[in-house]
1. So for E645, E702, fewest C-beta neighbours within 10 Å to most, what's the order?
2. Taking every alpha carbon pair in region 96-148, what does the distance histogram look like in 10 angstrom bins from 0, in percent?
3. On a 30 Å Cα-Cα criterion, which of the cross-link pairs K115/K666; K115/K140; K170/K545; K611/K725; K140/K286 come out too long?
4. When N counts the residues of region 415-476, how does its alpha-carbon radius of gyration compare numerically with 2.2 N^0.38 Å, as a ratio?
5. I'd like the Karplus ³J(HN,Hα) series for region 153-169: coefficients 6.51, -1.76, 1.60, θ = phi - 60°, whole numbers in Hz, and an x wherever there's a Gly or Pro.
6. Less than 12 Å Cβ to Cβ from I518, Lys/Arg counted +1 and Asp/Glu -1: what total charge do the surrounding residues give?
7. Fewest Cβ neighbours within 10 Å first, please rank T500, T425, T33 accordingly.
8. Restricting things to alpha carbons, find the Rg to Rh ratio for region 1-68 using the Kirkwood radius for Rh.
Amino acid sequence: MSTAFGQSTVLGYPRIGPNRELKTAVEAYWAGTIDATALEQTAAALRSDVWRTLRDAQLDAIPSNTFSYYDQVLDTVVAVGAVPERFSRLGLSQLDTYFAMARGVDAEPALELTKWFATNYHYLVPEIGPRTGFVANPDKALREFAQARQLGIVTRPVLVGPATLLLLAKATEPGFDPFDRLDDLVEVYADILTSLADAGVAWVQLDEPGYVSDRTPAQIEALRAAYTRLGQVARRPRIFVATYFGELGDALPALLDSPIEALGLDLVAGSGNLGRLAAAGPLRGKTIVAGLVDGHNIWRTDLRAAISTGTTVTRLADHVAVSTSCSLLHVPVDLSAETRLDPQLSGRLAFARQKIDEVVLLGRALRDGTAVLPPPLPPAPGQWRHHDVRVRLAGLTAGDRRRSPYAERALAQQARLSLPPLPTTTIGSFPQTAELRAARAELRRGVLDEAGYADLMRAEVERVVRMQERLGLDVLVHGEPERNDMVQYFGERLDGFASTDHGWVQSYGSRCVRPPVIYGDVARPAPMTVGWSRYAQSLTSRPVKGMLTGPVTILAWSFVRTDQPLADTADQVALALRDECADLEAAGITVIQVDEPALRETLPLRGVDQKVYLEWAVGAFRLATSGVADDTQVHTHLCYSEFGEVIDAIDALDADVTSIEASRSKMEVLDDLAAIGYHRGVGPGIWDIHSPRVPAPGEMVEALRRAVAVVPAQRLWVNPDCGLKTRGYPEVEASLRHLVAAARELRGS
Ligand code: GLN
Ligand code: ZN
């Protein structure tokens, strides 16, 4: 059994397949059209393809157990026997228990779904309590290891590490901290390690990205203790602890102190790791796995810079391997599938398949300097720079991000809009019906022409406007039928953005997204939404809200440039939106909503970096929205209610009205807003649109009563939690009827 780690590796690889084969198979299984055996056959074929691809590319340390039917955190929950009782007692097969945790069943809601660090991937939150019975269940890892071995490939099984698993978990009862179970859990990992060793596993990868966030000294001590214990397991594979998405800080020396054999560091998102490594002193035979190839973005690596960083690492450690900075799960599978991209752009891109070649090349270069490097990239084409945009950016002043005092605006808006107290509205989208999706597919296939498509959309807008009038809503929306996705839609209409044909990335479970690529200066060749809003407004005397996606959200759900600060890219997007706002105003739109659901998601993991981020994020929103007249009302929408460290930033957005999610938290968020002195309009959602349930009128009245106790009726808006695009019309009509009735009841009282 070889004990060397190898020269080159990746921390993980996309598992959805080049054409989203996994999505198709899993959804067919859910729909009952294929059985578990057929599903497993597809899965096995996808895994074999990945291993062969990695081997044929001459990667010499190949991971396994990076495949998942849904989520790797959920897989690890199963591997340590932490399936919550509420699912194990359902008496389902293993596979169906797994999917029940992921998707819920009639009797049991699913595990909570949350963002995986600062990425767009979502994991299922483990539920851990004082009595969660951990037990080693390494079947999946063993089966995949055996499957690869049959192909002649000896792999390195990957699991989420014990400390991170608990840091990501949620307590099953108040006042309990899942992290207190670390000692128990580590014993189960010890058992798993022994089973793996018995099966011939030489190396195991335990992922501990939880430590690139701020952690207490006690949590870091616990990490050291955990790996000290695992290092002492008598029969075990060599342990590679992988970290990614940032700087390890004090956890770096703690891990190096423990008897693990290899430590992985993100040298792309965590440039400070290098200094920490140098300061850590002699590395006593440990392997450093240097994450030199960005696993979270799609640009080709600057190989010369990477070699220079890698060379620094080789001076510090006896053994150095090259890897991706994180799992390649976060990038699309293969650039060669993109035949319609501008060659000037595609020549600068690397998807997962291309990144393997970079890793292999860098591994060789660092080992013996024999690798032949391709020529450096030429400078970006001049036409990607936009002179006017740059001049405008350079000339911005503080005044470009400031509106009149709120009190003045509020008066002007009230005079113009004459809204009743407790005005009712929705968040923007109405149901995306099968007919709308079919129309878009026909447009793509050329069966329907642009004019025919526009006719269908106009008919839909009219229907949605009439329905809102009938229901008695005060501020209407056009319903967003023309939008496939709230970021993609704008990306397709802005210069500097490219969209891919097959660039799918897993977002959660079987759901994949195709993020646009921002490659050049952003400019708006023509209005993007004005036609729809103008048309909707022409149908009614009530105000129709213009609907835009904010700069931070557009960046968060795209692949971004790395050749200029994110703040500059955000401001470029903001300028385009600012012009869009002006055009909406000119078209007679009096209320404009700029959605920023991603504001909190992209908050940096380390406290020290958060202030700078929030400053540019807020600045970009204000740049986008502050060009409008006092009597134009600016709304924003955020898809969550736990504001935590972003609450001041939300206030600083200076929107006239902010709609937020609140129904599940029973309006508690309003107290938090009151506590910081928030004094503008607020619309706490009174209908949880994430469930098909129609809330009874009384429930909504109750929620509103709680809200008016904290927020005066003049500033309190009545709306659902989020957009309605995933809901069906029957429940939407019924719920909105109840919502309007609830507002009227409170107005009368
Ligand atoms: N306006 C968008 C909609 O209603 C907002 C969605 C979101 O914030 N996620 O769909
Ligand atoms: Zn939302």
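1. Numbers: E645 12, E702 16.
By the 10 Å Cβ count, ascending, the order reads E645, E702.
2. Spelled out bin by bin, region 96-148 gives 20, 33, 40, 7 percent.
3. On the way: K115/K666 23 Å; K115/K140 24 Å; K170/K545 38 Å; K611/K725 34 Å; K140/K286 28 Å.
Flagged as over cut-off: K170/K545; K611/K725.
4. Numbers: Rg = 15.5 Å, N = 62, 2.2 N^0.38 = 10.6 Å.
Here the answer is 1.47, to two decimals.
5. Couplings: 10, 8, 10, 10, x, 10, 9, 5, x, x, 5, 5, 4, 6, 4, 8, 7 Hz.
6. On the way: positive: R561; negative: D495, D521, D563, D568.
Neighbour charge sum, excluding I518 itself: -3.
7. Values: T500 21, T425 25, T33 9.
If I rank by nearby Cβ atoms, fewest first, I get T33, T500, T425.
8. Working: Rg = 14.4 Å, Rh = 13.2 Å.
In region 1-68, Rg relative to Rh is 1.08.
Rule-based calculations on the coordinates, nothing more; no lab input. Quick caveat: nothing in here was measured; it's all calculated off a predicted structure. Cβ: placed from backbone, ideal geometry, glycine included. Neighbour counts: every protein chain shown.
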